[in-house]
Every structure is written in C-alpha cells, then in structure tokens.
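The values are calculated or read from the model by the stated rules, or taken from the named source; none is laboratory data. None of the values given here were measured: they were computed from a predicted structure. Quick reminder, even Gly has a Cβ in these numbers, built from the backbone with ideal geometry, and neighbours come from all protein chains shown. All accessible areas refer to the heavy atoms of the entire protein, side chains included, with ligands and DNA or RNA removed. Shrake-Rupley method; radii C 1.70, N 1.55, O 1.52, S 1.80 Å.
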Amino acid sequence: MKKLGKNKLIKNYVSFLIPLFIIEIMFRSFEEMAIFDWAVFRIFIGCNIFALLVSSITCFMKESIGRIVSILVLLVATIYAILQAGFENFLGVYISIGTSSQLGAVTEYIQDYFASFNPSFWWMLLPFVLFVLYKCFLEKKIFVNLYKEEESIFTKRASRRSAGIAIVCAILLFAFYYQTLSIKFMQNELQLESTKSLFKNPTNLNISVNQFGTSMFGILDVKSTLFKTEDNEMIDFGSGSKRPTEVTDYTRMIDDTAWETLQSETTNSNYKTLNSYFMSRTIADKNEYTGMFEDKNLIVIMMESVNEVFINPEYYPTFYKMYTEGFSWENNYSPRNSCATGNNEMSGMVSLFSINRICTANQYKNNKYNESIFGLFNKAGYTTSSYHNYDETYYFRSTIHKNMGSSAFYGVKDLKIPYTSEYKEWPSDILLMEHSMEHIDTTKPFMAWMTSVTSHQPYYVSSEYGDKYVSMFKNTGYSNGTKRYMSKLKELDLALARLLELLEEKGVLEDTVIVLYGDHYPYGLKDNDVASVLPDALERNNIEQTPFVIYNSEMEGKHFNEYTSYLNILPTIANLFNLEYDPRLYMGEDILASDYATSYKNRVVFADGSWENEIGYYNSTTGKMNYFGETKYTNEEIIKFNKEISNMIKMSNLAITSNYFKYLSEGLEKYQPIVEPEETNETEN
C-alpha cells in the first residue's frame with residue numbers, strides 16, 4: 001500500500017475521480033434525477049474512464065504542470081455541469097454545440113439567464129474548490145515521501161508502464177461501459193429512445209444527460225458534431241396508406257398514384273423511408289367544422305413571450321374579448337426548446353417537430369415547404385405575406401419565410417418602424433399592426449403571418465414599454481420584473497385593439513379570422529414571479545401553458561379543454577378553411593375533429609419527447625409515468641405511445657435535414673397524371 005501511495009498515476013486518478021463523480025451526483029440531485037439507478041452506475045464507470053485518461057496524461061508531466069492541467073480539466077467539467085443545469089432551468093432543455101450559432105446574438109440574455117438561475121447550482125463548485133485546495137496545499141504534505149524519492153521511484157519507465165496499464169484499464173472499462181448500453185436489466189423499457197442509439201447520436205439531450213451524465217454527454221456532443229452518425233434503428237411503419245373501411249360524407253379522399261410512382265422511382269434511402277412513413281399514416285376525416293371559415297381572410301399572430309397572465313379582463317380587455325368570444329383552449333402549451341421563438345414559429349408554420357439541439361429554422365433556412373401554411377393558402381388563391389417588427393439579429397426570416405411560401409416578408413426596416421439595437425428596447429406592436437396593414441391588399445383574399453416583439457425580455461431593467469403602463473400594477477404586490485412584463489403585454493393588447501379597428505375601417509373585420517398563440521412563456525421572468533400571478537404555474541408543466549385563440553367577430557365563442565400545442569395550428573386551420581391538404585404530412589392534428597377529445601392523440605408532446613394528457617405525465621428524461629388520478633396505462637400502452645412519438649420526432653427531423661418536402665412537391669408534380677380535356681360537340685355560333 002505504501003508503494004501504491006507513492007504512485008503518481010494512482011494518486012492523480014483517485015483525487016480526480018472523487019470530485020468528478022460527486023459533481024455528477026450533485027447535478028442529478030439538483031435536476032431531480034434518480035440517485036440510485038443503473039444510469040448512475042454507468043456514469044460512475046464513465047467517470048473512471050475519464051479519470052484514468054486524465055491521470056495517464058498528467059503522470060508524464062512535471063508535478064506543477066500536471067496539477068494545473070488536472071485543475072483546468074475539472075474546472076471545465078464543473079462549469080459545464082453548472083451551465084447545463086442553468087440552461088435547463090431557463091429553457092427547459094439542455095444545450096448542445098448545435099445551438100452555438102446563436103451564441104453571439106444572445107449574449108444580452110446573460111442577465112436574464114442569471115436572474116432565473118437557481119443559486120443552489122453553485123454548490124457544484126464545492127468539489128472543485130476542495131480539489132484545488134487538496135492539489136495546492138494538502139497533496140505534498142500527505143505524500144511528502146513521494147516528492148523526496150520521486151526521481152528514484154517514479155522514473156520515466158515507471159511512468160510509461162503505469163500509463164500503459166491505465167490506458168488498458170480504460171479500454172477494458174469502456175468495453176464494459178458499452179455493454180451497459182444494451183444489457184437488458186440496465187435498460188428502462190419505458191424510455192423513449194434506446195440508450196445505445198443515444199450514445200451513437202445524442203439527439204434527445206435530456207435523456208442523454210440523464211443516462212450519461214454531463215461529462216460524457218459533452219464528449220458525445222462534440223463527437224456527434226464532428227462525425228455525423230445516422231440513426232440506423234429499423235422502424236416498421238407498415239405498408240400503404242390506412243384507407244377508411246367505410247366511405248362517408250366526411251371521408252377525405254386522396255389519390256396516391258403519383259406518390260406511389262415517385263416511391264418506386266426513388267433510390268435515396270432517406271426519401272424512401274419518409275415516403276413509407278407518411279404514406280402509412282391514417283388520412284384524417286373531415287368533420288362538422290370543415291369549411292367553417294371557407295373563403296375568409298386569415299391573420300396568424302405569434303405573440304412574443306405571452307402566457308396566461310394575458311387572460312385578464314381588467315388589464316387586457318381586447319385579448320380577453322377575443323379569448324372568450326372565439327375558440328380557446330385552456331390546455332394549450334408552447335414547450336420551450338433551443339431557439340424557442342424561431343423553432344416554435346417554424347413548427348406553427350409547417351406542423352413538424354423542430355430539431356431541439358439546434359436552431360432548426362436558421363440552420364435549414366433554405367429548405368422549401370410547399371405544404372406550409374403559406375403554401376396551402378397560395379394554392380387556394382390567397383395573397384400571402386408575413387411581418388415582424390425587428391431585424392434579423394436572431395433569425396433569418398427574410399429567407400425562411402419566403403422559402404416557407406410567403407409571397408413577401410416585411411421586417412422592421414421594410415415596415416419603416418423606428419427601432420434600436422439596444423437589447424432592452426423593443427419596437428411597439430401597435431406600429432407592427434398599423435404598418436403591416438398598409439401592405440395588405442384587403443380587396444383580395446389574404447393570409448398574413450405576424451410575429452410580435454414588444455413583450456420580449458428583459459423585465460428586470462427599465463425600458464420604454466416596460467415602464468409605460470407600470471403604474472396600472474402599482475398596488476398588485478408583484479415584483480418590478482412582473483410589473484414591467486405586464487406593462488409590455490398592455491402594449492400588445494392595445495395593438496390587438498388597433499388591428500380590429502383597422503380591419504373594421506377597411507370593411508373586412510367580419511370576413512377575417514385571427515389566430516393567436518404564444519411562442520413560449522416569459523422565461524425571462526423568475527419562476528416565483530410567474531407563480532405570483534398564476535399560483536398553479538409551478539405545478540407539473542403548467543408553466544409551459546400559453547393561450548391559443550381562433551377568433552372571428554361573427555362566430556360563437558366556445559372553450560375547449562383538450563390538450564394541444566402549436567403543432568396542431570396548421571391542420572386545424574386547413575380544415576376550418578376547407579383547404580386542399582394531406583393531413584398525413586403534418587405531425588399535428590385537427591383538434592376540432594370529432595374523435596380528438598376521446599383519442600390517444602389528445603395530448604401535448606414536449607421538446608424532449610415527454611408528453612401529458614388528462615391521465616398523466618410521462619417524463620422522458622426519467623422514463624417514468626406520473627398519474628393524476630386512478631386511471632392508469634399498461635406498460636405496453638406507454639411503449640406504444642412512445643414509439644409513435646419517437647417516430648414522429650425522428651421523421652420530422654429527417655424530413656428537415658433532407659429537405660424532403662422540396663423533393664416531394666417536385667416529385668408529385670412530375671408524376672401527377674395528366675388529365676385530358678373532355679371533348680365537346682359544341683359548335684361556334
């Protein structure tokens with residue numbers, strides 16, 4: 001034992017392993033992950049591999065240099081764990097290298113990030129601090145004999161021998177580690193994605209961090225970024241379209257002749273997989289709401305950082321009027337994800353799951369989507385356009401929207417709206433409505449998409465619209481940040497009132513449908529401040545709830561309690577306007593369908609694949625189902641639901657990365673049967 005105590009490699013290995021593993025355990029504790037399960041055993045093995053590699057490298061260095069290297073490596077691992085915990089608390093998902101493209105654009109978010117930061121996360125610095133104290137002050141005292149005899153006992157030959165043994169041990173441990181990815185008793189059958197699949201390609205960040213720990217996930221994230229790995233797990237979608245067994249007046253008939261021909265001619269494996277998947281899905285029927293708004297105009301407004309605080313008749317009468325007199329859903333969610341505004345805007349336009357580890361809309365800005373909301377209204381003969389009252393610091397909307405099918409996109413400069421690049425100041429949404437309506441030709445059928453910005457964070461600093469109406473809330477007892485947020489919402493409410501006025505002045509209010517949804521809840525506010533206004537906000541996933549409204553001045557209001565999200569907006573609108581569309585191409589559902597409320601599709605799916613309905617909440621990070629009442633699912637039912645959701649996310653992501661919808665639209669046009677004009681016997685007069 002005395003001789004082992006003088007072995008530099010073993011000394012470095014043990015001293016590095018202990019704080020590294022403690023950090024992982026603390027991280028899991030703060031993130032409310034299980035401390036005693038097989039994932040922790042796997043993480044412990046991973047920490048051993050990491051510690052062996054670090055110690056085998058530092059044993060060749062001078063003691064002082066090796067000490068600095070080991071301290072720096074552990075510092076990086078510690079800060080990475082703290083930042084990941086903070087980002088999950090802030091955004092609801094962990095952060096990947098894939099989101100680094102926006103790093104320069106969101107440096108202003110740092111203040112909001114730390115405002116929401118859980119102070120307990122800083123405790124993860126404690127193992128690192130103790131490690132530094134040990135390496136700098138205690139190690140020499142404990143191993144004083146080692147330093148006196150270092151030259152004679154720990155020679156270069158001994159260093160090479162020990163390092164060689166350490167590397168062999170690391171390789172053997174890695175071989176065992178890899179086996180833990182597939183050993184049956186170490187797997188959770190309810191886990192959304194297989195552990196082995198996530199090790200090859202950690203696409204689901206939350207599950208990956210839970211299964212591998214922060215240090216190993218960081219390594220896998222780098223590896224998968226540098227070396228792209230395809231998900232080769234076999235997926236059985238069945239064969240052919242699921243045709244209705246009985247044809248009724250509500251049956252939606254779609255001719256797949258061109259699609260089948262395209263599939264037979266396609267050689268690209270990704271396209272063949274996607275064709276098989278989409279063609280195998282059920283064609284949703286029409287229903288009693290089909291064509292309810294046929295031939296009317298449409299304005300969709302994605303409201304920046306709006307949550308259910310907005311549903312208040314005293315402070316926000318215009319929105320409350322639209323909420324109560326239109327169709328509204330109390331269980332609507334706008335799940336957070338990386339680049340939530342851009343990704344959730346994209347999902348609203350195309351009804352696909354965005355890739356939650358990257359800024360999907362930006363990275364694939366050149367993709368074409370003929371089946372987007374713009375594409376469907378273009379085919380129906382509408383004039384389409386889109387508007388946003390800020391520049392392209394964050395998202396390349398002038399490119400993205402046009403490739404979505406918007407005939408014209410107008411940014412803040414095009415609209416001639418005054419603005420500043422100072423982060424805390426955002427333009428007025430009233431001006432967005434006024435200047436946008438100047439560009440809409442209301443004498444023809446139109447469809448317009450507007451993305452607001454006034455209610456954007458920050459809320460804990462003074463700003464024009466954060467202060468403008470703050471006196472309205474002086475006696476509420478809310479924090480200054482909450483009051484400023486609510487002040488900004490007042491500007492948005494007045495903007496909606498102005499929009500209704502402009503539509504009425506132009507004589508098209510009765511013929512225009514307005515759809516409103518929030519891109520995400522105001523995560524620039526501290527959770528406790530949100531809960532001060534919405535007492536139930538911190539229960540379950542309630543903090544992710546946002547309003548969703550479909551309004552027309554002539555309609556009869558109706559309130560729904562089905563679970564839904566922005567994924568369902570496009571197919572629901574398409575059916576309400578009786579547009580020509582194929583419901584199989586969208587991951588969302590028509591939530592007004594007669595069987596939606598009673599089917600398993602009555603649920604919301606979150607960015608990490610977790611889902612919730614009236615029965616319970618499935619947490620994909622932990623792989624556990626939490627029930628709200630006595631009704632429960634069997635494991636087989638949960639596995640079935642998870643398989644379907646996993647396929648939806650995988651196929652959405654594959655469709656995006658392969659620019660599938662461009663291929664599909666061009667292919668269907670190529671193989672569309674030519675309809676010969678009918679012969680007539682009419683003669684000229």
Selection from the stretch 601-628 of residues touching a Lys or Arg at 6+ places or on another chain (Cβ under 9 Å) and not acidic (Asp, Glu) yields Phe606, Ala607, Trp611, Asn613, Ile615, Gly616, Tyr617, Tyr618, Met625, Asn626, Phe628
In the stretch 601-635, how many are more than 22 Å from the chain's Cα centre (by Cα) and either among the aromatic types (Phe, Trp, Tyr) or closer than 22 Å to Tyr277 by Cβ (or both)?
3
Can Asn48 be described as in contact (Cβ under 8 Å) with a residue 60 or more places away in the chain, surrounded by fewer than 22 Cβ atoms within 10 Å (Cβ to Cβ), over 32 Å from the mean Cα position of the chain (by Cα) and over 20 Å from Tyr177 (Cβ atoms)?
no
Scanning the stretch 279-296 for residues that are surrounded by 18 or more Cβ atoms within 10 Å (Cβ to Cβ) and either under 28 Å from the mean Cα position of the chain (by Cα) or small (Gly, Ala, Ser) (or both) gives Met279, Arg281, Ala284
Being in contact with a helix residue (DSSP H, G or I) (Cβ under 6 Å, 6 or more places away or on another chain) and assigned to a loop (DSSP other than H, G, I, E, B) is the filter here; which residues of the stretch 654-672 pass it?
Ser658, Gln672
Residues of the stretch 188-218 satisfying the condition of being open to solvent by 40 Å² or more (accessible area, probe 1.4 Å) and touching a residue at least 40 places away in the same chain (Cβ under 8 Å):
Asn188, Glu189, Thr203
Find all pairs meeting these conditions: Cβ atoms under 7 angstrom apart; at least six residues apart or on different chains; first residue within the stretch 237-255 and farther than 15 Å from Asn275 by Cβ and hydroxyl-bearing (Ser, Thr, Tyr); second residue modelled with pLDDT of 60 or more and open to solvent by less than 100 Å² (accessible area, probe 1.4 Å).
Tyr250/Asp285; Tyr250/Lys286; Tyr250/Asn287; Thr251/Asp285
Which of the following residues is closer than 19 Å to Met303 by Cβ and either out of contact with any strand residue (DSSP E or B) (no Cβ under 8 Å at 6 or more places or on another chain) or polar (S, T, N, Q) (or both): Thr546, Thr598?
Thr546
Search the stretch 428-441 for residues being out of contact with any strand residue (DSSP E or B) (no Cβ under 7 Å at 6 or more places or on another chain) and either farther than 15 Å from Ile301 by Cβ or among the hydrophobic types (A, V, I, L, M, F, W, C) (or both), and hand back the single one that is most open to solvent (accessible area, probe 1.4 Å).
Glu438
Would you mention how many residues in the stretch 563-593 are over 19 Å from Lys650 (Cβ atoms), assigned to a strand (DSSP E or B) and in contact with a helix residue (DSSP H, G or I) (Cβ under 9 Å, 6 or more places away or on another chain)?
1
Restricting to the stretch 507-528, what's the tally of residues that are outside any helix (DSSP H, G or I), within 25 Å of Gln457 (Cβ to Cβ) and open to solvent by 10 Å² or more (accessible area, probe 1.4 Å)?
2
Test set (1) modelled with pLDDT of 95 or more; (2) open to solvent by 20 Å² or more (accessible area, probe 1.4 Å); (3) hydroxyl-bearing (Ser, Thr, Tyr) - Tyr485 fails condition number:
(2)
Restricted to the stretch 613-660 and to residues being among the small types (Gly, Ala, Ser) and over 19 Å from Ser354 (Cβ atoms), the residue surrounded by the most Cβ atoms within 10 Å (Cβ to Cβ) is Gly623
Checklist (1) within 21 Å of Thr451 (Cβ to Cβ); (2) outside any helix (DSSP H, G or I); (3) basic (Lys, Arg) applied to Arg540, failing item
(1)
Name the single residue that is nearest to Lys444 (Cα to Cα) among those in the stretch 297-317 being open to solvent by 20 Å² or more (accessible area, probe 1.4 Å) and either in a strand (DSSP E or B) or touching an Asp or Glu at 6+ places or on another chain (Cβ under 8 Å) (or both).
Pro317
What single numbered condition from (1) open to solvent by 10 Å² or more (accessible area, probe 1.4 Å); (2) small (Gly, Ala, Ser); (3) assigned to a loop (DSSP other than H, G, I, E, B) fails to hold for Ser338?
(1)
Subset of the stretch 399-408 [at negative phi, in contact with a strand residue (DSSP E or B) (Cβ under 7 Å, 6 or more places away or on another chain) and either in a loop (DSSP other than H, G, I, E, B) or surrounded by fewer than 19 Cβ atoms within 10 Å (Cβ to Cβ) (or both)]:
Lys402, Ser406, Ser407, Ala408
Find the residue count for the stretch 570-580, including only residues that are within 19 Å of Arg281 (Cα to Cα), touching a residue at least 24 places away in the same chain (Cβ under 8 Å) and buried (at least 22 other Cβ atoms within 10 Å of the Cβ).
4
Test for Tyr596: is it buried (at least 22 other Cβ atoms within 10 Å of the Cβ) and either within 28 Å of the chain's Cα centre (by Cα) or assigned to a loop (DSSP other than H, G, I, E, B) (or both)
no
Does the stretch 76-92 contain any residue that is modelled with pLDDT of 90 or more and aromatic (Phe, Trp, Tyr)?
yes
